[in-house]
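The values are calculated or read from the model by the stated rules, or taken from the named source; none is laboratory data. What you are looking at is a predicted structure, and each value in this text was computed from that prediction instead of being measured. Note that each Cβ is placed from the backbone with ideal geometry, even for glycine, and that neighbours are counted across all protein chains shown. Areas reflect the complete protein model, heavy atoms only, side chains present, ligands, DNA and RNA absent. Shrake-Rupley method; radii C 1.70, N 1.55, O 1.52, S 1.80 Å.
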Amino acid sequence: MNTAGPALEVRSLTKNFGRRAILAGIDLTLDRGEFLLLLGPNGAGKTTLLRVLATLLAPTAGDASVLGYSLKSDPTEIRRRIGFISHSHLLYRDLTTYENLRFYGEMYGVEDLDDRITELLERVELTHRRYDTVRDFSRGMFQRLAIARALLHRPELLFLDEPQTGLDPHAVDILDGIIEELRADHTFVMVTHNLERSLELGTKAIILKNGQIVYDSADRPDPAELKATYRRVCVTGDSNECD
Amino acid sequence: MSATKQFWAILRKDLLLEIRSKDVFTSTFLFSIMALVIFHFAFSPNLKDLTPVAAGMLWVAVLFTSLLGLNRSFVHEKDEQCLDGLLLTPVDRPVIFLAKLAGNLIFLIVLQVIVVPIFALFFLGGLTGAAALKLAMVLLLGDLGICGVGTLLATISANTRARDLLLPILYLPVMTPFMMQVVSYTNALIMGGTAAVDMSSWLYLIIAFDIIFLLAGYALYDFVIGE
């Protein structure tokens, strides 16, 4: 395990889709154990940045080290150590709860897999649906199972892409509880539009616009300053681009 | 975690999904049976002996059935962005290729176990034991080439919005030289064999195509999956 250095070190990271630059030279450093809030208007490049850092997209230029491993040369080592929760749950609808988790557990090589599945299903309160096909799950149940999927291999760094979108209050409580439990020894990067709620969590915040960082709190963000900057970046005339 | 365990995990998951949904099997089975029935009724009023055209009809049915199956083979991965989930795991991309290829191959073989005896009944009126074994071998070699290229190209087309259109455009021209060898060999086999040297040269070409297709898929998969 590579425990030296920051959790994230991003240097001149660029991502183009065709001629369009979605990320235009991102520089960012995040220490281990921090909770980074990634904010910005729709289309600012937040999800693209998350997907590049999670090795789902290759950068066009620049590089980043994630937990000490290079995106370009060690993507497999990064994948072993990260968890990813997005608004899509990444679960197979025709498999049962247990089969979904067993599949992902085997792909990650989780050794105590059955025990780990039991533990996580209890944590996300889905033990009673262990052998049910997930096709008929509610949005909240899908997302709770997605949380279990993302934590199965005990990742050190969690990427959360608007994880609370569409969740019922109970699922939000479970997610908040898990984040609270993991905060002490995990690093988080969370894309969110919910500034009020996430301010309690963040130890650092950046605001992206047009693929560039327009605000970097450097340290624990000052709520008043962050809210004012967020409003300035997001609100154009009568419309709020961050909603 | 070993690549072997990951290979089996992906293959088992794909088979389980197909057994539950029957997405690929139902459509491909119905298509191949319909193709053979239509060929039979189209040719039988004019030809008393269908043996000379049987090889062509068999491989037309196999080729288009496989196209249908390959197009469906990524449906579960695109649903709810499960492909992202798979790509987030620490698996080497060629392992995904081999597992997907094995899944497609198993579907095609299971289908042929049911369809080829019906084909033999319609068009051949029976085969000797040795010829049946050789037919099984050429079917297997043909399936391997079809699934090798097909898995690679189905992955490329799955990442586009026009995947139903793109796969046949990419797949059919690439398969043409391969299918020429496979049909020639199968035809010679069904007709009772021509000069031994001709048949073995077709067979060597089929094996060479298989090796090239598999190596190309294995080497290129990292570049085609994902983005």
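For the pair segment B:139-184 and segment A:123-168, the centres of their Cα atoms are 37 angstrom apart. Against the main long axis of the alpha-carbon atoms of chain B, helix B:196-224 sits at an angle near 20°.
Seen against the Cα atoms of chain B and their longest principal axis, helix B:129-158 is set at about 40 degrees.
Protein chains only, probe 1.4 Å: how do B:Thr26, A:Thr229 rank by accessible area, largest first? Intermediate values should be presented prior to the final figure.
Numbers: B:Thr26 65, A:Thr229 10 Å².
Order by accessible area, largest first: B:Thr26, A:Thr229.
Subtracting the Cα-Cα distance of B:Ala131 and B:Thr51 from their residue separation scaled by 0.36 nm leaves 27.5 nm.
Is the shape of segment A:19-138 best called rounded, prolate or oblate, per the rule: a/c under 1.5 gives rounded, else a/b larger than b/c gives prolate, else oblate, with a ≥ b ≥ c the square roots of the Cα gyration tensor eigenvalues? Please report the intermediate quantities before stating the final value.
Details: a/c = 2.32, a/b = 1.81, b/c = 1.28.
Because a/c hits 1.5 or more and a/b exceeds b/c, segment A:19-138 counts as prolate.
Placing a pseudo-label 7 Å from each Cα along the Cα-to-Cβ vector at A:Ala228 and A:Arg19 gives an inter-label distance of 4.0 nm. When restricted to Cα atoms, the protein assembly as shown yields an Rg and a Dmax of 26.6, 89 Å, respectively.
Please find the FRET efficiency linking A:Asn210 to B:Ser2, where r is the Cβ-Cβ separation and R0 is fixed at 45 Å, and quote it to the nearest 0.05. Intermediate results must be reported in sequence, preceding the final value.
Values: r = 44 Å, r/R0 = 0.99.
Once rounded, the FRET efficiency stands at 0.50.
Other residues lying with their Cβ under 11 Å from the Cβ of A:Glu125 contribute a combined charge of +1, Lys and Arg counting +1, Asp and Glu -1.
Could I get the Rg over Rh figure for segment B:3-226? Both from C-alpha atoms, Rh via Kirkwood, rounded to two places. Intermediate values should be presented prior to the final figure.
Numbers: Rg = 18.0 Å, Rh = 18.2 Å.
Rounded to two decimals, Rg over Rh is 0.99.
Less than 5 angstrom separates the built amide H of A:Lys209 from those of A:Val214, all sequence-distant by 5 or more or on a different chain.
Looking at the protein assembly as shown alone, DSSP beta bridges between its own residues are antiparallel in about 55 percent of cases.
Calculate the mean, over all residues of peptide B:134-142, of how many other protein chain Cβ atoms lie within 10 angstrom of the residue's Cβ. Walk me through the intermediate numbers first.
On the way: counts 0, 0, 0, 0, 0, 0, 0, 0, 0.
Taking the mean over all residues of the peptide, I get 0.
Over the C-alpha atoms of chain A, the Rg to Rh ratio, Rh being the Kirkwood estimate, stands at 0.97. Between B:Ile118, B:Ile156, B:Ile206, the Gaussian network model of chain B with springs among Cα atoms under 10 angstrom shows the greatest mean-square fluctuation at B:Ile118. The distance between label points at A:Asp185 and A:Glu125 comes to 2.6 nm (points 7 Å beyond Cα on the Cα→Cβ vector).
Let's test the formula: R0 of 56 Å, r as the Cβ-Cβ distance of A:Ala218 and B:Ser27. What FRET efficiency results, to the nearest 0.05? Write down the numbers at each step before the final one.
On the way: r = 57 Å, r/R0 = 1.02.
Using R0 = 56 Å, I get an efficiency of 0.45.
Scoring A:140-149, B:144-153, A:71-80 by mean Cβ neighbours within 10 Å over their residues and listing the highest first yields B:144-153, A:140-149, A:71-80.
Placing one equal scatterer on every Cα of segment A:93-151 and applying the Debye formula, the log10 ratio I(q)/I(0) at q = 0.20, 0.25, 0.28 Å⁻¹ is -0.64, -1.02, -1.28.
Of all beta bridges that DSSP places with both ends in chain A, some 55 percent have antiparallel geometry.
Starting from 0.36 nm per residue, how many nanometres of slack lie between B:Leu16 and B:Ile207 once their C-alpha separation is accounted for? Each step should come with its number before you reach the end.
Numbers: separation 191, 0.36 × 191 = 68.76 nm, distance 3.05 nm.
Extra length available between B:Leu16 and B:Ile207 comes to 65.7 nm.
Take B:Phe41: with every protein chain present and a 1.4 Å probe, its accessible area is about 140 Å². Model label sites at B:Ala216 and B:Val110, defined 7 Å from Cα along the beta-carbon direction, differ in position by 2.8 nm.
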